[in-house]
Amino acid sequence: MLVELSNQNACFIPSCPLAASRSTGSLSFFFPKVARSLRRLCATFNTFSLITAMFVSLALFQQQAATHSIQQYLWAWIPKSDFRLKIGFLIDPLTLAMSILVTTVGISVTVYSDSYTCHDQGYVRFYAYLSLFTASMLGLVFSPNLIQIYVFRELVGMCSYLLIGFWFARSSAANACQKAFVTNRIGDFGLLLGISGVYWITGSFEIFELCDRFFELNSNGAINPIFANTIALLLFLGPVAKSAQFPLHVWLPDAMEGPTPISALIHAATMVAAGIFFIARIFSFISILPPTMYTISWVGGVTTLPGATLALGQKDLKRGLAYSTMSQLGYMVLASGIGASRSALFHLITHAYSKALSFLGSGSVIHSMERVVGYSPTRSQNMFFMGGLRKYMPITGTTFLPGTLSLCGIPPLSCFWSKDQIITESWLRSPYLGLAASTTAGLTAFYMFRIYLLTFEGNFRANQTNSIDSNKFMPTRKGITPWGGAQPESFTAKAFSNAISATNTKQNSVTEAGNLVIKRPPGGDSIYEGKNQPHSEQNLLYPEESSSCMVLPLIVLAIPTIFVGLAGVGVDPSQKELSLDFLLDWLISFASSSEVSKRVGPLTETLTSSIPSLSLSIFGLLVSFIVYGQDNEIVDTEFFEKLINRNLLSNFVSSIRGWSINRGYIDYYYKAYFTRGIASLSKLVLHFDQWIIDGFINGTGASSLFGGESMRHGKNGRISQYLLGLVIGVALPISVVDFPIPPLP
């Protein structure tokens, strides 16, 4: 039983991580040597601040379950008579549910990061950024007005810029953080225009007040429908960028350049969740505008399917999970657009825990692979260097599996219940959206199980450097590679040895007799020294299970990944209530045994109605097992090969590979048309500025200077020159003007 707290104590939830971030950052900036000596104390302080925020959130949520109240605490910021702006915090079920989500995932990430970044020189700086990131998101979810939401959104964007580019010495990380920052500025500019338009219409920034005023004005016909929909779509442009919706999704895969714990926090509870939360917060505003809702639903539907196809052929473990996030966010936006906001937020919660578990599990794998293949992401994150890791990392492999199956939509894991509700609602609204959602479910099961099979099943492939060919290294079936007809990237013993040798430099290395020592410079590669080289055939290296600080968060996150979805069983997602307590029933329904017993019937009904979508997910798992599970000779594939023309299949898979590896060619189009177009326009403006604007100003200055110099040389005080000028001045008109000669008398 948690202690009772006043709702005014909600201000401590974002304040705790903010205070920890300020203290850690100040100590690191002003006293760097002291910060390095107290690094573990700083990490403990940041973790404790989030634990405090979590307990306050849980206590307030327990009280909210009993009172069902909505409260605001506001203070005047700009108290002018003609323009009044207040700041404060809003307490309702949606806010507290998001607060619990952010704090629980944040605690797992902070505990996990202690071991993951223990060798990094930016350890203290990382924790300062991490706490500021969490505090910004908590400030966003408690914001009662659009201006405050916008301010905290900018803070979230700034923190993502700092964390994606944390290893700024790597050019790829520096470019990735800039790309994320610029792409999100496009959405934020649209959001700023939308906020300005909302104030123009309603005269208020307060969320509940503006929703009521807009509904009243719209009912009276006092608003132009075209203008109202334009304002709503401008507001939606912010979530399009923040939640990586098509076509502003291009920053999300590059965000994997940051440390893996940050990838988990960005994809689960902060950066991308901010967009979905904002749609839910203004849902009462946009739900009365059918054209806007139609546009939102199709943006989500278009994002869902390409996100799944782009993940099919990825070799990078984190990049594959990133495209999975893009696809699942498309589900949430689609559900919001068709009016199923309950299902959207339910899927946000279930997906957050499943994706946090998957990302932290991938970080555990990458951390262990670094001592075998080096720190370079092209090797340590390449799934074709892995295989059989469940034998060497049993806890990571065991916890990664429920996260994978949950994202695949397999019951009774959490994402199954929320995803099935969205698919059902999609079929009721539009057959095209339903088809896209169902097809994505099958593709998701294929590529997520592919990730698991390539990483944890089979044999460990990184040490197979002798007598290895491409078709052996990459799983094949009777000569057909998973990439199609083209041969995959060569991975011979010589190439592997050269790649490892490039890592074994003498610079910044540490040698101990007969032992392997790893030193990771900030933003650089791990350095291998000693007698036991990674590619030594006499003493091969294998991954090992991560430390307890890394596996404990995996075990903890596996619990909600398995059970949190049961909270939504039996809730009718088609109910059209617009009150903000729609999450309350879900999150407290499984707390009592009587509620659970009442949901046994709906549970059976839900499972029965989900047979079509579940069949597609199982089919995706089966196909993935056929292609990539070759070490388990259970499925006979000859029957499938007889049904499908091998050349046709090879060409089809090759095209899918090209589409996925080249990221749908979208980045190329952006570079060809937008980047080059903007560069050409910038050069044109530069030339116009240099030759027209500057030319006119410089020409005026040069003519004044020339005239002044001429006058200075002419007025030198010499009488002879003055007389010469006088004679010339008199003679010149006489010689030029033709005076008439009078006739003789």
Inspect region 310-332 for any residue being closer than 29 Å to LEU435 by Cβ, surrounded by fewer than 24 Cβ atoms within 10 Å (Cβ to Cβ) and among the aliphatic types (A, V, I, L, M) and give the result as yes or no. yes
If you check LEU74 against the conditions, is it in contact (Cβ under 8 Å) with a residue 60 or more places away in the chain and either touching a helix residue (DSSP H, G or I) at 6+ places or on another chain (Cβ under 9 Å) or not polar (S, T, N, Q) (or both)? yes
Keeping to region 384-396, report how many residues are crowded, with 22+ Cβ neighbours inside 10 Å and under 19 Å from LEU554 (Cβ atoms). 4
Out of all the residues in region 403-420, which are open to solvent by 20 Å² or more (accessible area, probe 1.4 Å) and either free of Cβ contacts under 8 Å to residues at least 12 places away in the same chain or assigned to a helix (DSSP H, G or I) (or both)? LEU405
Please state which of the following conditions SER171 fails to meet, knowing it meets all the rest: (1) open to solvent by 10 Å² or more (accessible area, probe 1.4 Å); (2) closer than 12 Å to ALA241 by Cβ; (3) not aromatic (Phe, Trp, Tyr). (2)
Within region 93-124, how many residues turn out to be part of a helix (DSSP H, G or I), polar (S, T, N, Q) and open to solvent by 20 Å² or more (accessible area, probe 1.4 Å)? 1
Out of the residues in region 154-167 that are more than 19 Å from GLY275 (Cβ to Cβ) and in contact with a Cys (Cβ under 8 Å, 6 or more places away or on another chain), state the one that is surrounded by the most Cβ atoms within 10 Å (Cβ to Cβ). GLY165
What number of residues in region 312-330 are among the aromatic types (Phe, Trp, Tyr) and either in contact with an Asp or Glu (Cβ under 9 Å, 6 or more places away or on another chain) or in the same structural domain as ALA273 (by the TED database) (or both)? 0
Closer than 27 Å to LEU162 by Cα, open to solvent by less than 10 Å² (accessible area, probe 1.4 Å) and in contact with a Leu (Cβ under 8 Å, 6 or more places away or on another chain) - does that describe any residue in region 287-304? yes
Which condition number does ILE195 fail, the rest of (1) in contact (Cβ under 8 Å) with a residue 24 or more places away in the chain; (2) out of contact with any Gly (no Cβ under 8 Å at 6 or more places or on another chain); (3) within 30 Å of ALA35 (Cα to Cα) being met? (3)
Regarding region 336-356, can at least one residue be identified that is of a type in the set (Gly, Ala, Ser) and within 30 Å of TYR542 (Cβ to Cβ)? yes
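The values are calculated or read from the model by the stated rules, or taken from the named source; none is laboratory data. Remember, it's a predicted structure, so these values are computed and weren't measured experimentally. Heads up, the Cβs are rebuilt from the backbone with ideal geometry, glycines too, and the neighbour counts pull from every protein chain shown. We work out accessible area using only protein heavy atoms, side chains counted, and drop any ligands, DNA or RNA first. Shrake-Rupley method; radii C 1.70, N 1.55, O 1.52, S 1.80 Å.
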